[in-house]
1. Pairs only if they're at least six apart or on different chains, beta carbon under 6 angstrom, first in the range A:115-143 and farther than 27 Å from A:Ala180 by Cα, second in a helix (DSSP H, G or I) and at pLDDT 80 or above; list them, first residue then second.
2. Quick one: which of A:Thr192, A:Thr164 is within 7 Å of chain B (Cβ to nearest Cβ) and of a type in the set (Ser, Thr, Tyr)?
3. Does B:Asn41 meet the test of being outside any strand (DSSP E or B) and away from every other protein chain (no Cβ under 14 Å)?
4. Would you point out which residue out of B:Leu55, B:Leu77 is within 11 Å of another protein chain (Cβ to nearest Cβ) and closer than 25 Å to B:Glu182 by Cα?
Amino acid sequence: MISLYMAGNSWAHKLPARVKLIFLFVLSLLIIPFNTLWFSAALLVFVVALYATLGRQGLEKVKVVRPLLWMMGIIFLVHVFLGDIEQGIIAVLRLLAMVLLANFISITTHMEALMDAVEPLFRPLRVFGISPRRVSLAVALVIRFVPVLLAVYASLQEAYKARTAHANSWRLLAPFALHAIKMTDHVAEALTARGGADGFDRDKK
Amino acid sequence: MNDTSKTINFDHVSIERSGSTIIRDLSVALPDQRVGIIGRNGSGKSTLVRSLNGLLPVSAGSLLVHGVSAEEGAKKLARVTGFVFQNPDHQLIFPTALEELSFGLRQIGVGKADAKVQSLALLRDHGIEQLGERPVHELSEGQKQLICILAVLIMEPKLLVLDEPFSSLDLRTRVALRRKLEKLDQQILFVSHELDALSDYDKVLWIEDGKLKQFGVPADVLAAYQAHELSGVDLHFEGVARA
């Protein structure tokens, strides 16, 4: 469900990352007291409308929730089973709206801007000797390497399928883990080659 | 004597990698602008060049890179030596090219706004401004490798080390990237199996079993390497078949 940055120059791209994150935070609190069907539906319409303001390419990005639909289905069915269809619809609408809103922020915000915006939140970690810069770098790495790891898994599947005619197997998990660990070595080396997580100027202090 | 500020000097250098000595007692001075490094897989080429950036420490002897001694620490070496790896997917840390380039500048203490302006300017100089905002995983292999090279160059290293960076690229892209390298002011150390690509270089260094086998002008070293490696190829495979 991590969809990457969408190049553009829209109003949403220009909005400071911090403003967007605070908006997401406030809205996610608001949905707790406003526990009604119409509010949840309106929220979802509003969020989809945000995508629409980015144009056709933006609206396309709504598809990001597709892999989550089965989970939404289960959540809805659990509510039906418990005899509360309305709550089921509200739960699904809310989840969709919040996932889409969070995704809207990630497609319209540079990783770097997002990192700078969340860095202050990690400051308390300094007490434990963890630099906030490292934490935000880790977040960037996760987002960067999800598509890379998916590609690695796809190539393993291909190699497996070429010899067994099956596309998937639990047997692929161990080699996948090994590939991922090997990759962390390479990435760590590349990061070290450019001054490491803390950079050059920070040494002097 | 050569000007040490523009020279790489290995003096009886040994380098260990995960406990075993890969490079043993190697001495050579490299004042030339363009140096190629050749040798078999596993001969120690990668190990040797990794010491220049401080990625691997020198276990014996002394190493001087553009006036910086290995004893001054890995970070000092990393500041003078830019390193481009074989696989761009291991080197690109950020989701977009612009962030990748800015990262290098921010590493050396440039402010956020300036870093962005300078990164855009460099992309524009190379006619790829439009790639700046695209997610890197959507770029072609050649574009990715160019971004890797630019992300290193933007930090203005004095020496650029390339460890088989073009091995997964097509001929056209290789030639295009090589031409870009030719124009650079930096000293270049190029580890490669493409022997023809090194024929225009100033010098070629041939490494075998962690030792210096031959060092000289490309015409001599490349010819000797080819003759040495191709004689007995059949014999070698006979040996494999029997085993």
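The values are calculated or read from the model by the stated rules, or taken from the named source; none is laboratory data. Worth saying up front: this structure is predicted, and the values here are computed from it rather than measured. Virtual Cβ from ideal backbone geometry, glycine too; neighbours counted across all protein chains shown.
1. Close Cβ pairs (under 6 Å, with a partner that is in a helix (DSSP H, G or I) and at pLDDT 80 or above) amount to A:Ala117/A:Ala17; A:Ala117/A:Arg18; A:Ala117/A:Leu21.
2. On the way: A:Thr164 fails: within 7 Å of chain B (Cβ to nearest Cβ).
It is A:Thr192.
3. Details: outside any strand (DSSP E or B): yes; away from every other protein chain (no Cβ under 14 Å): yes.
Here the answer is yes, as B:Asn41 does meet what is asked.
4. Working: B:Leu55 fails: closer than 25 Å to B:Glu182 by Cα.
Testing whether each residue is within 11 Å of another protein chain (Cβ to nearest Cβ) and closer than 25 Å to B:Glu182 by Cα leaves just B:Leu77.
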